[in-house]
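First the structure, in the form of structure tokens, and then the observations on it.
The values are calculated or read from the model by the stated rules, or taken from the named source; none is laboratory data. The shown structure was predicted, so the numbers you read here are calculated from the model rather than taken from an experiment. In this analysis, Cβ positions are derived from the backbone assuming ideal geometry, glycine residues included, and neighbour counts consider all displayed protein chains.
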């Protein structure tokens, strides 16, 4: 069996074992802790309603309610901490893998992009490739947002919720994000390259690498020495990546076990309709992405899907597309994409082309509006799409980035932020699907731009009828 096929098999085995062990652990260890947390949350909710109707805050009853609330809050916090402690040995497996991936992503993006831009050499060529790349990215983003809007209006998953509007003081604890144009531009251009590398700010690294690569090509013979050194460093990092990827099945096992152990299989039935409709929507988005790729690539598009399946599995299992970046980079070059195109397009895609996340943002935002019986006109929904399209750029490295962007958007359309409580519990399950979709979208974009530039090598199997 080929090494690549073995990795796929091991990841599938890890997924199955993780689900089984996670369910056993949830039933025997975590279930009672979850029950305590649910009891505490119900108590807090009940007391909040009583406090909201109390006109006099000086009465003994009011003070007793405040004391009881503090007791429930402490119980909730203590049990949440206890649950995380019980899961830390599973989480540590995926944490080690993700830390190792983050260790190589920044230097890998920098070295490969410098080599890629330096090989392009011409600023006009960089602009041409960048223009084609952004054309695909913007088109894919709009399609993802519009498809999410269309399907959530078709399925109406929130209509059955009929939630009362919550008290205005309730807070989800999720930091809001609504970057203005000035803030976004300030975020894109780094004040310190070292800080950008340390923080894994991919977009800032891309900007510096483009300047560095163009300047390296411009100095002629001396620049060739730098290019050769960067190319060698990139190959060393790719070798390190190969070692790290051997840990992928363990990371998958730890991540899946922790999710199922924490939430239980019951979360799939509780939110089954919403989860099912969202994943059905993702499948439709996959088909659209593959169809668009087929129009440009023709038959090789199916070979591309086969090449990146491991990377998509890694992204799905670990709930982060960043974990799949090094694997996608390798597979795209094996597929026949030019090194300079891959090095240029793929890093940009991780900030500008998150197709799965885009769909989720409209799907989730309109789901919450439906849950509170808030009617948004077609014009309001289109406005929301444009807001999400702009505010989502540059936050790819933020934990739970999609929820962060949604939290910043809801208030603009008078949708209660507290509705995010509905999504926080199942967000890890939804994040798996959208992370895998992000990988597919970025890989397809890179292959398409390579084809447009005439930089896609034909493989023998592509000519077989």
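Identification of helices (runs of 4 or more DSSP H) wholly contained in region 216-284 with 1 or more residues that are closer than 18 Å to residue 111 by Cβ and in contact (Cβ under 8 Å) with a residue 24 or more places away in the chain yields 221-245. Checked against the criteria, residue 140 does not count as touching a helix residue (DSSP H, G or I) at 6+ places or on another chain (Cβ under 7 Å) and closer than 24 Å to residue 234 by Cα.
Filtering region 349-361 to residues that are part of a helix (DSSP H, G or I) and buried (at least 24 other Cβ atoms within 10 Å of the Cβ) leaves 349, 355, 356, 357, 358, 359, 360, 361.
Step by step: first the residues of region 42-97, then only those that are assigned to a loop (DSSP other than H, G, I, E, B) and in contact with a helix residue (DSSP H, G or I) (Cβ under 9 Å, 6 or more places away or on another chain), then the one that is surrounded by the most Cβ atoms within 10 Å (Cβ to Cβ). Which residue is that? Per the criteria, the residue is 54. Among all positions in region 367-383, there is at least one residue which is under 22 Å from the mean Cα position of the chain (by Cα), at pLDDT 75 or above and closer than 16 Å to residue 275 by Cα. Hey, does region 296-306 have a residue that's in contact (Cβ under 8 Å) with a residue 40 or more places away in the chain, farther than 30 Å from residue 10 by Cα and surrounded by 18 or more Cβ atoms within 10 Å (Cβ to Cβ)? The answer is yes, given that some residue of region 296-306 is in contact (Cβ under 8 Å) with a residue 40 or more places away in the chain, farther than 30 Å from residue 10 by Cα and surrounded by 18 or more Cβ atoms within 10 Å (Cβ to Cβ). Using the structure shown, decide if residue 150 is surrounded by fewer than 24 Cβ atoms within 10 Å (Cβ to Cβ) and closer than 25 Å to residue 378 by Cβ. For residue 150, the condition - surrounded by fewer than 24 Cβ atoms within 10 Å (Cβ to Cβ) and closer than 25 Å to residue 378 by Cβ - is met.
For region 316-332, the criterion of being part of a helix (DSSP H, G or I), at pLDDT 85 or above and under 30 Å from residue 416 (Cα atoms) is met by at least one residue. Among the residues making up region 123-161, those that are farther than 22 Å from residue 419 by Cβ and more than 21 Å from the chain's Cα centre (by Cα) are 123, 124, 125, 126, 127, 128, 129, 130, 131, 132, 135.
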